[in-house]
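Since the structure comes first, as structure tokens, the remarks are kept for the end.
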Amino acid sequence: MTVINLMQRQIEHRAELLCQNRNKGLPVGIGKCCYEPVKNGVQFIKHHYKLDSSHSDYSTLVARIIWDEPLKSWCLNVPHEKEGEWIPYPFLSQSDDLTAIIREIEKDPKSMFWNR
């Protein structure tokens, strides 16, 4: 198993824990967090529900964490207004500390992830 594979497993595990913690006890009307693996990282998705439904009405991309091998750091991006484009998160765009990046998404101190 290569270093990248180990890092991919680590980020996926951390993303799963973040989503489980975030979704615990959260009303469906607020939306549910999930993630999906992407090359060298994960992207977080918020599923939006109608109040009377148990099925997702629509989903929005929230954040993406990617390992940048040349920089040897994790990069945190948010969706740009133009569909399909990502921009660096302005308050913590990269760090070699995955915990700091995960904490930023989980706590959302600038309301840029979960309140969209």
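The values are calculated or read from the model by the stated rules, or taken from the named source; none is laboratory data. In this text the structure is predicted, and so the values were computed from the model without any measurement. Cβ coordinates were reconstructed from backbone atoms using ideal geometry, including for glycine residues, and neighbour counts include every protein chain displayed. Calculation scope for accessible area: heavy atoms of the full protein, side chains included, ligands and nucleic acids excluded. Shrake-Rupley method; radii C 1.70, N 1.55, O 1.52, S 1.80 Å.
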### Query
Got a sec to turn the phi values of the range 70-77 into Karplus ³J(HN,Hα) couplings, 6.51 cos²θ - 1.76 cosθ + 1.60 with θ = phi - 60°, whole Hz, x for Gly and Pro?
x, 7, 6, 8, 8, 10, 10, 10
### Summary
The local net charge around S73, scoring Lys/Arg +1 and Asp/Glu -1 for residues other than S73 whose Cβ lies under 10 Å from its Cβ, equals -3
### Task
Could you run the Karplus curve 6.51 cos²θ - 1.76 cosθ + 1.60 with θ = phi - 60° over the range 106-113 and give me ³J(HN,Hα) per residue in whole Hz, x for Gly and Pro?
5, 7, 6, x, 9, 6, 9, 9
### Message
Over 16 Å apart: what share of the alpha carbon pairs of the range 2-116 falls there, rounded to a whole percent?
### Response
59
### Query
Given Cα pairs under 8 Å that are at least 6 residues apart, what percent is the relative contact order of the chain?
17
## Note on the structure
Among P70, N115, P27, the residue whose Cα sits farthest towards the positive end of the charge dipole of the chain, when +1 is placed on the Cβ of each Lys and Arg and -1 on the Cβ of each Asp and Glu, is P27
### Task
Let me have the 222 nm mean residue ellipticity of the chain computed from DSSP H runs of 4+ only, each contributing -39500 (n - 2.57), with the sum over all residues rounded to the nearest 500.
-9000 deg cm²/dmol
### Task
Would you mind working out the accessible area per residue for the chain, using a 1.4 Å probe, and quoting it in Å²?
61
### Message
Give me, ordered by chain and number, the residues 5 or more places off Y35 or on other chains with an amide H under 5 Å from its own placed amide H.
### Response
I45
## Note on the structure
Checked against a 22 Å limit on the C-alpha separation, the offending pairs among K50/K107; K39/K72; K46/K107; K46/K110 are K50/K107
### Message
Out of the total accessible area of the chain (probe 1.4 Å, heavy atoms of protein only), what percent is carbon and sulfur?
### Response
51
### Query
How do 17-29, 72-84 rank on mean C-beta neighbours within 10 Å, highest first?
72-84, 17-29
